[in-house]
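Structure first, commentary second.
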Amino acid sequence: MTSKNGKKTRFFRINEENFEAVLADASEVIRKGGTVAFPTETVYGLGADGLVPEAVIKIFEAKNRPLGNPLSLLVHSKEDVKKVARNVSEKALRLMDVFWPGPLTLVLEKTDIVPPITSGNLLTVGVRMPDNPVPLELIRRAGVPLAAPSANLSGRPSPSTAAHVKADLEGRVDLIIDGGPVEIGLESTVVDMTSTIPTVLRPGAIGLEELQAVIGKVRTGFRDSEEDEANFQKNAGQKYGHYTPKTPVVLIEGKIGAVSQKIGELVRTFLEDGKTAGLLLSEESSESLSTNLSGGLSESEVPKDLRFVLGPAEKPAEAAKRLFEGIRALDEKKPGLIIADGSFRLEGSGRALMNRLREAASKKFEV
Ligand code: TXA
Ligand code: MG
């Protein structure tokens, strides 16, 4: 998976002084059919000319992404949407007005200029206007919408820093633009606007409540509950699955006290088998486990570098920002197991965070 495909990858750390020069260079790469990785407010993206199949195929090759998994398009303005989508509903336009530029991808009926390789042979296409000057200027200068999935190898967590992109894609893409760590850290909310009742295919920073406040009823098409299963099965994108850390992940859902206790128990059972565990914690469970509440855990049982604190359980947006970094960091230490605290508040980013944890987990406990 990680073998290189022999490209020479160039890097730019972008700042105010070199912004113009870097963008001139990067847009030239896109115009010539190449690949550029760049920051967005959600996660780093890997972009290529979304209307040219020979360019789009390079994204699939670089990421090792299965052909058929649809890519979404990044646009520079609401006007650009008309080129790639038709029969755009009133509700979709309202969502654009309220949430763009921002972490919201709208699945719309596509026009004929969007090639089947971009849309995964579907008649629809995901469209988003990102809230970051780098991709916005790149799209404007290249003069084309960018097909731009997250800039990770398929099956790996999405990248929240340029270092993550480099680890996955060095030697596989033409250019990586480092614009510092992203703001949100989880991929955009994806909403299918072509169903009678709009369907949330992937939760993100824009929560169900916020969408409902603008367009009324929405359905969920991701695995948030048993009832979602039928909708989930129809979800064209999600059938390809999400990232799977190399280390198995166990998720413990429940109230913080019970979750901390269960984490302690699991670690000890695991240690008895001579294995180590890495912990993805909330601030609360971290505190509880290091101050000997709920049984505590000593430094010898779980060393500091195997405890990754995401953030407060009540403020999931902070934790969401660090999730992918945490998973990557623990995965690299190669523990026998990653145990994840699942006590984050299920609202807005919290729902998205819990969704990503559930996707990553091979085993779940409710306590
Ligand atoms: O925040 C984001 O959305 C980031 C940044 C880079 O923009 N991009 C991103 O792209 O996460 P990607 O390809 O990793 O995820 C896009 C999701 C996938 O689950 C894909 O299957 C789904 O959107 N998707 C795209 N087009 C679709 C379509 N026409 N119908 C259903 N699902 C679609
Ligand atoms: Mg992705």
Exercise. What is the calculated FRET efficiency for residue 258 to residue 300, with r their C-beta to C-beta distance and R₀ = 22 Å, to the nearest 0.05?
Worked result: 0.35
Exercise. Given the C-alpha centroids of the range 1-77 and the range 156-202, what is the distance between them in whole angstrom?
Worked result: 12
Seminar exercise, completed: Per GNM of the chain with C-alpha springs under 10 angstrom, the most fluctuating residue out of 152, 64, 87 is 87
Seminar exercise, completed: Longest principal axis of the chain (C-alpha) makes with the long axis of helix 19-31 (C-alpha) an angle, in degrees to the nearest 10, of 70
Exercise. When the label point is put 7 Å from the Cα of residue 67 along its Cα-to-beta-carbon vector, which residues of the range 91-121 have a backbone N closer than 18 Å?
Worked result: 114-121
Exercise. Can you give the extra length, in nm with one decimal, that the chain gains between residue 15 and residue 57 once fully stretched, where that is 0.36 nm per residue apart less the Cα-Cα distance?
Worked result: 12.1 nm
Seminar exercise, completed: Of the convex hull enclosing the alpha-carbon atoms of the range 248-287, the direction-averaged projected area in nm² is 2.8
For this session: Please label the shape of the range 1-98 as rounded, prolate or oblate, based on the square roots a ≥ b ≥ c of the eigenvalues of the alpha-carbon gyration tensor (a/c under 1.5 means rounded; beyond that, a/b larger than b/c means prolate, else oblate).
Result: oblate
Seminar exercise, completed: Out of 38, 19, 324, a Gaussian network model of the chain with alpha-carbon springs under 10 Å gives the largest mean-square fluctuation to 19
For this session: Inverting the mean 1/r over all pairs of different Cα atoms, compute the Kirkwood radius of the range 249-350 and quote it in Å.
Result: 13.3
Exercise. Restricting to the chain, what percent of DSSP beta bridges are antiparallel, rounded to 5?
Worked result: 35
For this session: Could you pull out every one of the lysines with an alpha carbon less than 30 Å from that of residue 304, ignoring same-chain neighbours closer than 8 positions?
Result: 166, 246, 255, 262, 275, 315, 321, 333, 334, 363, 364
Exercise. Amide H of residue 105: which non-local residues (sequence gap of 5 or more, or other chain) have their own amide H closer than 5 Å, using H built in the peptide plane?
Worked result: 189, 190, 191
Exercise. Which residue, 70, 133, 39, tops the fluctuation ranking in a GNM of the chain built on C-alpha contacts under 10 Å?
Worked result: 133
For this session: Tell me which residues come under 5 Å, amide H to amide H, from residue 178 once H is placed; ignore anything under 5 positions away on its chain.
Result: 12, 13, 14
For this session: Quickly estimate the mean residue ellipticity at 222 nm for the chain, helices only: each DSSP H run with n ≥ 4 gives -39500 (n - 2.57), and the total goes over all residues, rounded to 500.
Result: -10000 deg cm²/dmol
Exercise. If you take the square roots of the eigenvalues of the alpha-carbon gyration tensor of the range 49-201 and sort them as a ≥ b ≥ c, do you get rounded (a/c under 1.5), prolate (a/b over b/c) or oblate?
Worked result: prolate
Exercise. Based on DSSP, what percent of beta bridges with both residues in the range 80-212 are antiparallel, to the nearest 5?
Worked result: 70
For this session: List the equivalent ellipsoid semi-axes of the chain in whole Å, largest first, each obtained as the square root of 5λ for an eigenvalue λ of the Cα gyration tensor.
Result: 35, 24, 17
Exercise. Using θ = phi - 60° and the Karplus curve 6.51 cos²θ - 1.76 cosθ + 1.60, what whole-Hz ³J(HN,Hα) does each residue of the range 263-278 get, with Gly and Pro shown as x?
Worked result: 4, x, 4, 4, 4, 5, 4, 5, 5, 4, 7, x, 10, 9, 10, x
Exercise. Does the range 23-65 classify as rounded, prolate or oblate by the C-alpha gyration tensor (a ≥ b ≥ c root eigenvalues; a/c under 1.5 gives rounded; else a/b over b/c gives prolate, otherwise oblate)?
Worked result: oblate
Exercise. Taking H as built 1.01 Å from N, whose amide H comes closer than 5 Å to the amide H of residue 307, not counting residues under 5 places away?
Worked result: 279
Exercise. In the chain, which longest range has no GluC sites (Glu not before Pro) that are both DSSP loop (not H, G, I, E or B) and surrounded by at most 12 other Cβ atoms within 10 Å?
Worked result: 80-298
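Laboratory data are not the source of any read-out in this text; all were calculated from the coordinates shown. Every value quoted in this text rests on a predicted model; they were computed, and no experiment measured them. A quick note on method: Cβ atoms are made from the backbone with ideal geometry, for glycine too, and the neighbour counts reach across all protein chains shown.
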